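The values are calculated or read from the model by the stated rules, or taken from the named source; none is laboratory data. The model shown is predicted, which means the values in this text are computed figures rather than measured ones. Because the Cβ atoms are built from the backbone with ideal geometry, glycine has one as well, and the counts that use them run over all protein chains shown. We work out accessible area using only protein heavy atoms, side chains counted, and drop any ligands, DNA or RNA first. Shrake-Rupley method; radii C 1.70, N 1.55, O 1.52, S 1.80 Å.
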Amino acid sequence: MSHSPTSSAVLPAVDDDSFRIGLQLVERHGEGTKPRQFEMAGLQWQLLPQVFAPTHTESTALFTEWLPFPVGGTFLEVGCGAGVTAVMAALRGCSRVTAVDINPTAVQNTALNAARHGVADRMQVLCSDLYGAVAAGEKFDLVFWNSNVIFAPEDFVYTRQVQHAIFDRGYATHHRYLREGLGRLTSAGRMLLGFNSLGDADRLNELVAASGARITERRRAIRHAGGVPVTFQLLEVTDGSGGGKAA
Ligand SMILES: C[S@@+](CC[C@H](N)C(=O)[O-])C[C@H]1O[C@@H](n2cnc3c(N)ncnc32)[C@H](O)[C@@H]1O
């Protein structure tokens, strides 16, 4: 049985509330085709249809404020959406920012906002399934993803681009983010994950352990999203062996 955004009668047994809030969030992104504007971090941004709207929850603003952008260093943002975090990284002094998204409209949106704020020369914006289109062997001082935290069952069918911003089928993308990310870090590089309490923390912890990694909370804040209190967490992923970074 497939779980489509319009068949809210069919919900997974795992966590009906989170799944239902995810469906509502997808619906709030609407079917409109007109670009919109919003303000964040004191700047104006363009938002294209079917791109994660940083205005529906506080995740984008919180993580952008909390991230330790490496001044003079390199930053890889996985899942850049409208581009707020990636563009702010460039504005706050990263020498090179790579921003990737699986949603081609998000890639276009980030490129538009990079040009608007005069940092396109420092940014590479790619359509990529996680690290897939990032040059082999390229490493970064900071890797970050504000992830699609809501677990979707294996038979979930993505029918709209924006669903990739909300739902991770089988947590397969979280698994790959964890498994492959440490190998993308420079010697002093850091890997962070923006997570929240609508996500499946038990499953995340299992994947962290299976990846030979360890996870540590760096920041947290409680805000409302979808009418319920949600705890937003900035988590750091490190090599669980206590030694060097995972290959
Ligand atoms: C919660 S949204 C965050 C968007 C943006 N970073 C922000 O904070 O406003 C998650 C983003 O991850 C992207 N994404 C999901 N799966 C992905 C994958 N396999 N590879 C790259 N990006 C992915 C989604 O398309 C979406 O833009």
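Things worth noting here:
- Residue 45 satisfies every condition listed in (1) more than 16 Å from residue 163 (Cα to Cα); (2) within 10 Å of the ligand (Cβ to nearest atom); (3) outside any strand (DSSP E or B) except (3).
- Selection of strands (runs of 3 or more DSSP E) fully inside the stretch 128-247 by the criterion of at least 1 residues being open to solvent by 20 Å² or more (accessible area, probe 1.4 Å) and within 15 Å of the ligand (Cβ to nearest atom) returns 140-146, 150-152, 167-169, 213-225, 228-239.
- Filter pass, residue 97 being within 24 Å of residue 62 (Cβ to Cβ) and assigned to a strand (DSSP E or B): yes
- Per-region count, the stretch 48-81, residues within 12 Å of the ligand (Cβ to nearest atom), touching a residue at least 40 places away in the same chain (Cβ under 8 Å), assigned to a loop (DSSP other than H, G, I, E, B) and not charged (D, E, K, R): 10
- For the stretch 18-42, the set of residues classified as within 27 Å of residue 200 (Cα to Cα) and part of a loop (DSSP other than H, G, I, E, B) consists of 29, 30, listed by residue number.
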